[in-house]
Amino acid sequence: MRHLAFIGLFVTAVTLCGFETTHAQRAATKFVDRYIADQARSEDSEEYRKARQLLRGDINGDGKIDLVFLYTLEGMGGGNNYAQHLAVLLGSGKTYKHAADEIVGGKLFRNATLKSLARSTINLDIIEYRENDASCCPSRKAKARYTFLNNKLTEVK
């Protein structure tokens, strides 16, 4: 009987831990949603939601979970222009505070995919334009690295 009670307690603990993780992820998504909506409004654009990518980790070494995300805004000023932004929201208790936002891709620039976060380094896979590529279709695969230091994102060349 004790064995069954222990199993019941274990299952309850695992379930609650799963709830906390899911709750924390939902809360983080709400902060990201709000941030991107504000950016889209200020740039007279819309987010291409399917392209959003989000990583969670401690980018500034303070022991709190931070949010690093790549998002795409399109239609600035009308037309089919788009820009990919890399942004950082730093964890601050139960909230997040904006720290940095940098354009890392876009039409006639390059396309970026968020790959990993290792301490203060953010790794991206990118596809750059070759000289004869059409504006729709960059073709040169490469990598990009950004560091986060003093609330600033800087590409490492």
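The values are calculated or read from the model by the stated rules, or taken from the named source; none is laboratory data. On a predicted model such as this, the values are computed, not experimentally measured, just so you know. Methodologically, a virtual Cβ is constructed for each residue, glycine included, from the backbone with ideal geometry; neighbour enumeration extends over all protein chains shown.
List of remarks:
- Residue count for segment 138-157 satisfying the condition of being surrounded by fewer than 17 Cβ atoms within 10 Å (Cβ to Cβ) and touching a strand residue (DSSP E or B) at 6+ places or on another chain (Cβ under 8 Å): 12.
- Meets criteria (of a type in the set (A, V, I, L, M, F, W, C), under 21 Å from Val156 (Cα atoms) and in contact with a Gly (Cβ under 8 Å, 6 or more places away or on another chain)) for Ala99: no
- When Val32 is tested against (1) farther than 26 Å from Arg119 by Cβ; (2) surrounded by 15 or more Cβ atoms within 10 Å (Cβ to Cβ); (3) aliphatic (A, V, I, L, M), just one condition goes unmet, and that condition is (1).
- Residue within segment 78-92 that is hydroxyl-bearing (Ser, Thr, Tyr) and within 21 Å of Ile122 (Cα to Cα) present: yes
- Residues (at pLDDT below 95 and either loosely packed, with under 15 Cβ neighbours inside 10 Å or charged (D, E, K, R) (or both)) located in segment 68-86: Gly77, Gly78, Gly79, Asn80, Asn81
- Conditions (1) part of a helix (DSSP H, G or I); (2) at pLDDT 95 or above; (3) of a type outside the set (D, E, K, R); number of the one not met by Gly8: (2)
- Filter pass, Lys64 being over 21 Å from Lys152 (Cα atoms) and not in a strand (DSSP E or B): no
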